[in-house]
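What follows is a short report on a single structure.
The values are calculated or read from the model by the stated rules, or taken from the named source; none is laboratory data. From a predicted model like this one, the values you see are computed outputs, not experimental measurements. With ideal geometry, Cβ positions are generated from the backbone for all residues, glycine too; neighbour counts draw on all protein chains shown.
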Amino acid sequence: MSNVTPFPSQTAQQGARDAGQTGFERLELQRIMDLYGRMVAAGHWRDYAIDLHREAAIFSAFRRTAERPEFRIEKRPALRHRQGMWALIGEAGNVLKRGAELQGVLAPVERRLLKIVSE
């Protein structure tokens with residue numbers, strides 16, 4: 001009961017940012033959230049989660065909250081010069097699309113949205 005944990009100071013928080021936490025830029029997140037909003041309007045997705053780690057930023061889209069994510073959009077800057085820093089990962093964990101541009105990686109999901117709307 002007598003353990004006191006100090007609150008992280010402003011300098012510790014600045015050090016964490018300098019350590020290289022990966023995040024989404026405004027335009028990237030705007031594009032992802034636009035797609036998410038259209039999928040919600042179509043009745044396909046209901047929830048999302050954003051995980052920001054040192055090596056990756058991950059956006060997960062869920063059909064229902066209690067399930068595994070249907071799609072994960074991952075940004076891994078370390079792979080920028082190899083396979084491309086963007087990856088679209090399916091529910092089973094398989095990589096569906098990988099590339100250097102976010103627009104190309106989101107294309108399979110956007111095509112799926114067109115099929116949902118046209119039915």
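Remarks
- Filter result for residue 79 (surrounded by 13 or more Cβ atoms within 10 Å (Cβ to Cβ), modelled with pLDDT of 90 or more and either out of contact with any Cys (no Cβ under 9 Å at 6 or more places or on another chain) or within 16 Å of residue 61 (Cα to Cα) (or both)): no
- Out of 89, 73, 116, one residue alone is at pLDDT below 85 and among the hydrophobic types (A, V, I, L, M, F, W, C). It is 116.
- Close pairs (9 angstrom Cβ cut-off, 6 or more residues apart or separate chains): under 16 Å from residue 112 (Cα atoms) in segment 21-38, assigned to a loop (DSSP other than H, G, I, E, B) and of a type in the set (A, V, I, L, M, F, W, C) anywhere: 32/24; 36/45
- Every pair of residues 6+ apart whose Cβ atoms lie under 6 Å, when the first sits in segment 85-109 and is within 19 Å of residue 40 (Cβ to Cβ) while the second is assigned to a loop (DSSP other than H, G, I, E, B): 91/68; 91/70
- Identity of the residue in segment 39-75, in contact (Cβ under 8 Å) with a residue 24 or more places away in the chain and of a type in the set (Val, Ile, Thr), that ends up farthest from residue 86 (Cα to Cα): 50
- Looking only at segment 51-76, and only at residues there that are of a type outside the set (A, V, I, L, M) and surrounded by fewer than 16 Cβ atoms within 10 Å (Cβ to Cβ), the one that is nearest to residue 21 (Cα to Cα): 54
- Test result for residue 64, basic (Lys, Arg) and assigned to a loop (DSSP other than H, G, I, E, B): yes
- Some residue of segment 18-29 being at pLDDT 90 or above, surrounded by fewer than 13 Cβ atoms within 10 Å (Cβ to Cβ) and assigned to a helix (DSSP H, G or I): yes
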